[in-house]
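Enquirer: Take this structure first; my questions come after.
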Amino acid sequence: GYYGEFGGAYIPEMLYPNCEELRQNYLRIMAEPSFQEEFHQLLKDYVGRPTPLYFAKRLSEKYNTKIYLKREDLCHTGAHKVNNTIGQILMAKKLGKNRIIAETGAGQHGVATATVCALMGIKCVVYMGEIDIARQAPNVARMKMLGAEVRPALSGSRTLKDATNEAIRDWINNPVDTHYIIGSVVGPHPYPDMVARFQSVISEEVKSQLLEKEGRKNPDYVVACVGGGSNAAGAFYHYLDEAEVGIIAVEAAGKGIHSGESAATSALGKVGIIHGSKTLLMQTADGQITEPYSISAGLDYPGVGPLHAHLYVSGRGEFISITDDEAMKAGLGLCELEGIIPAIESSHALAIFEDRKFKEDDVVVVNLSGRGDKDLQNYIDYFGL
Ligand SMILES: Cc1ncc(COP(=O)(O)O)c(/C=N/[C@H](C(=O)O)[C@@H](O)C(C)C)c1O
């Protein structure tokens, strides 16, 4: 379970049985025809896949290149997170689990988890930082309506990092009946690999859609925002070995990389262990996790998935960091040019075109990870709407 020097399962001994049961079974379960059939049937009939690959004509004209948007904002629940939770709820059922726990920050993963638990009639507890509960209230209401118990994480900085810690603590205490649905390509092996495989439906679809629209499977670039890195892992997955496809990962610079309020993990991170994985993370000199900041809860994570740490260190990925201001302006720009209100996380990916120039005939696919409904208050406050 390594990506170069990154990955592994650096877990407390008490968590070992849970992870080992998953590690020994996940590939076998995923390979079962019945699993694949139910997984793809639900993605089609319940999530609404394939999501469109939309040629953004006015955005392309503005930046004088060819921009396609992969519309993960049109998935049921409003973001890509549900691709992973569908896969993991089926996995949990195959493992005989009857209780689900999850962590969430922006609330999208929490909503996606509550959604599949309602679908399958399985009880669900979502851990969420008390700070995030306040700033993502609409998603909290949705989780409760979907039947989930939302448990505030009160430790530490009371954001995603702490919600994750409390979910791990719950899982240690409930190893037999509980499956922990991790929301991104983070955590101990096999989670980064399993989540990436579930999200890889994104680039699988892009290959056939691009062939139909451009007569080629490979774009010149694939662009995605990176919090933990799951929507990016899905968008990059089938292109990682295609050297001619440029991989561009966009992180949250927050108020600026050197402002002390940032979440640009590749730029500010050092090798360390977070949530059971060896990766890059923002840390103090004595190895304590640094509090990150981003205007978007979804990118407000001090670590990054080991796959992305490897993409950064190996140079396979180009890493760009985007500030709050750049992201908010790009989000409004998409509204005005294309009539699409994007999640603030996704707006970070859109913002690169202001500075990162492309050739006129470049085909650039941008993964639009989510829609902006959950962020309306942020947009209202920022732009005084
Ligand atoms: C619309 C949207 N786009 C991107 C992200 C970043 O998560 P990744 O795709 O896993 O990097 C997110 C992340 N949301 C998580 C959540 O809803 O709980 C996030 O807060 C944490 C799992 C990191 C998101 O909601």
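The values are calculated or read from the model by the stated rules, or taken from the named source; none is laboratory data. In this text the structure is predicted, and so the values were computed from the model without any measurement. Because the Cβ atoms are built from the backbone with ideal geometry, glycine has one as well, and the counts that use them run over all protein chains shown. Just the protein is used for accessible areas: all its heavy atoms, side chains included, with ligands, DNA and RNA removed. Shrake-Rupley method; radii C 1.70, N 1.55, O 1.52, S 1.80 Å.
Enquirer: Could you compute how much accessible surface VAL111 exposes when probed at 1.4 Å, giving the result in Å² to the nearest 10?
Expert: Accessible area of VAL111: about 0 Å².
Enquirer: Given axes a ≥ b ≥ c from the Cα gyration tensor, I'd like to know whether the chain is rounded (a/c under 1.5), prolate (a/b larger than b/c) or oblate.
Expert: On the way: a/c = 1.39, a/b = 1.26, b/c = 1.11.
Rounded.
Enquirer: Given a 1.4 Å probe and the protein chains all in place, what does the accessible area of CYS124 round to, in Å² to the nearest 10?
Expert: About 10 Å², ignoring ligands and nucleic acids.
Enquirer: Sticking with this structure for a sec: Round to a whole angstrom and tell me the spacing of the C-alpha centers of region 135-163 and region 15-52.
Expert: 25
Enquirer: Residues of the chain: accessible area per residue at 1.4 Å, in Å²?
Expert: Working: 14520 Å² over 385 residues.
Solvent-accessible surface per residue comes out at 38 Å².
Enquirer: Which of the residue pairs LYS161/LYS270; LYS255/LYS329; LYS70/LYS207; LYS255/LYS278; LYS93/LYS144 have a Cα-Cα distance greater than 19 Å in the structure shown?
Expert: LYS255/LYS278; LYS93/LYS144
Enquirer: Let me ask something else. Using a 1.4 angstrom probe on heavy atoms only, work out the carbon and sulfur share of the accessible area of the chain in %. Please list the in-between numbers first.
Expert: On the way: 7760 of 14520 Å².
Looking at the chain in its full context, I get 53 percent from C and S.
Enquirer: Kindly work out what percent of the DSSP beta bridges joining two residues of region 159-282 are antiparallel, to the nearest 5.
Expert: 55
Enquirer: Cysteines of the chain lacking any other cysteine beta carbon under 4.7 Å?
Expert: CYS19, CYS75, CYS225, CYS335
Enquirer: With a ≥ b ≥ c taken as the square roots of the eigenvalues of the C-alpha gyration tensor of region 296-365, please select rounded if a/c is under 1.5 and otherwise prolate if a/b is larger than b/c or oblate if it is not?
Expert: Note, shape of region 296-365 comes out oblate.
Enquirer: Which of rounded, prolate or oblate describes region 207-360 when judged by the alpha-carbon gyration tensor and an a/c cut-off of 1.5? Before the final figure, lay out the partial values.
Expert: Details: a/c = 2.23, a/b = 1.33, b/c = 1.68.
Note, shape of region 207-360 comes out oblate.
Enquirer: Next question, about the same structure. Under a 1.4 angstrom probe, counting protein chains only, how are MET14, MET30, MET145 ranked by accessible area, largest first?
Expert: Order by accessible area, largest first: MET145, MET14, MET30.
Enquirer: Using only helices, what value at 222 nm comes out for the chain when you add -39,500 (n - 2.57) per DSSP H run of length 4 or more and divide by the total residues, to the nearest 500 deg cm²/dmol?
Expert: Helix-only estimate at 222 nm: -12500 deg cm²/dmol.
Enquirer: Here's something else I'd like to know. Suppose we keep just the DSSP beta bridges with both residues in the chain; what percent of those would be antiparallel, to 5?
Expert: Approximately 30 percent, going by the DSSP bridge assignments.
Enquirer: Continuing with this model, one more query. By how many degrees, 0 to 90 and rounded to 10, does the Cα axis of helix 33-42 deviate from the longest principal axis of the chain?
Expert: 60
Enquirer: R0 = 56 Å: FRET efficiency of ALA134 with ASP361, Cβ-based, nearest 0.05?
Expert: It comes to 0.75.
Enquirer: Moving on to the next point. Near ASP170, within a Cβ-to-Cβ distance under 10 Å, what is the net charge of the other residues, with Lys and Arg +1 and Asp and Glu -1?
Expert: +1
Enquirer: For every other residue with a beta carbon closer than 14 angstrom to the beta carbon of SER266, add +1 if it is Lys or Arg and -1 if Asp or Glu, then tell me the sum.
Expert: On the way: positive: LYS270, ARG316; negative: GLU251, GLU318.
Cβ neighbours under 14 Å give a net charge of 0.
Enquirer: To the nearest 0.05, how large is the calculated FRET efficiency for GLU20 and ASP373 if R₀ is 41 Å and r is the Cβ-Cβ distance? The partial results should precede the final answer.
Expert: Numbers: r = 39 Å, r/R0 = 0.96.
The formula returns an efficiency of 0.55 here.
Enquirer: Roughly how many Å² of MET91 are accessible to a 1.4 Å probe, to the nearest 10?
Expert: Accessible area, nearest 10 Å²: 0 Å².
Enquirer: In addition: Quick one: ranking SER314, SER321 by accessible area, 1.4 Å probe, largest first, what do you get?
Expert: From most exposed to least exposed: SER314, SER321.
Enquirer: Right, something else. So if a site counts as exposed when it's one of the trypsin sites (Lys or Arg not before Pro), its DSSP state isn't H, G, I, E or B, and it has at most 14 other Cβ atoms within 10 Å, what's the longest stretch of the chain without one? Intermediate values should be presented prior to the final figure.
Expert: On the way: sites that count: ARG216, LYS357, LYS359.
After excluding every exposed loop site, the longest remaining stretch is 1-215.
Enquirer: Under 11 Å from a point 7 Å along the Cα-to-Cβ line of VAL271: which residues of region 297-341 have their amide N that close?
Expert: Output list for this probe position: empty.
Enquirer: I want the antiparallel fraction of DSSP beta bridges within region 29-135, as a percent rounded to 5.
Expert: 35
Enquirer: Please give the length that would be gained between HIS40 and CYS335 if that part of the chain were fully extended, namely 0.36 nm times their separation in residues minus their C-alpha to C-alpha distance (nm, one decimal).
Expert: The HIS40-CYS335 span can extend by a further 103.1 nm.
Enquirer: Could you order ILE168, ILE67 by accessible surface area, starting with the largest, using a probe radius of 1.4 Å? Let's see the in-between values first.
Expert: Values: ILE168 30, ILE67 0 Å².
Largest accessible area first, the list is ILE168, ILE67.
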